[in-house]
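Asker: Could you have a look at this structure, given as structure tokens, before my questions?
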Amino acid sequence: MFKIKAANGTNNITGQRLAFIRKSKKLSQRKLAAKMQLLGFDVDHYFIRRVENGERFVTDIDLVIFSRALEVPLAEIMSDADDNM
């Protein structure tokens, strides 16, 4: 079965960038998950870990909620994405 992967072998191209943004805002994975839950997105810190480690595919809905929870524009999340393709 054919699976699409990023050049680095991960399932998404934004995980490392999300981790960088989260850490720069001094948020733990649990605190980010809590912020996302307040926005109505039912996730836990394992979801965050899987995204950041590239173990999980990321949808456009996921990216919008990450953008809102981290209070950054989508463009900032995607800014390094071209390097990972």
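Asker: Okay, helix-only estimate at 222 nm for the chain: each DSSP H run of n ≥ 4 adds -39500 (n - 2.57), divide by all residues, round to 500 deg cm²/dmol; what do you get?
Answerer: Theoretical 222 nm ellipticity from helices: -14500 deg cm²/dmol.
Asker: Give, in nm to one decimal, the length gained when the segment between Thr59 and Asn8 is fully stretched (0.36 nm per residue of separation minus the Cα-Cα distance).
Answerer: Extending this stretch completely gives an extra 16.5 nm.
Asker: Determine the relative contact order of the chain: mean sequence separation of Cα pairs under 8 Å and six or more apart, normalised by residue count, in whole percent.
Answerer: Relative contact order comes out at 41 percent.
Asker: Another one. Ignoring ligands, DNA and RNA, please state the percent of accessible area on the chain from carbon and sulfur, probe 1.4 Å.
Answerer: After summing per-atom areas, the C and S share lands at 55 percent.
Asker: Placing +1 on the Cβ of each Lys and Arg and -1 on the Cβ of each Asp and Glu in segment 1-41, which of Ile13, Ser28, Phe41 has its Cα farthest towards the positive end of the resulting dipole?
Answerer: Farthest towards the positive end: Ser28.
Asker: Please state the charge dipole magnitude for the chain, taken about the Cα centre, from unit charges on C-beta atoms (+1 on K and R, -1 on D and E), reported in debye and rounded to the nearest 20.
Answerer: On the way: 14 positive and 11 negative charges, 81 e Å.
Computed charge dipole of the chain: roughly 380 debye.
The values are calculated or read from the model by the stated rules, or taken from the named source; none is laboratory data. Keep in mind that this is a model prediction, so the values were computed, not measured. A quick note on method: Cβ atoms are made from the backbone with ideal geometry, for glycine too, and the neighbour counts reach across all protein chains shown. Ligands, DNA and RNA are stripped out before the accessible areas are found, and what is left, the full protein with its side chains, is counted by its heavy atoms. Shrake-Rupley method; radii C 1.70, N 1.55, O 1.52, S 1.80 Å.
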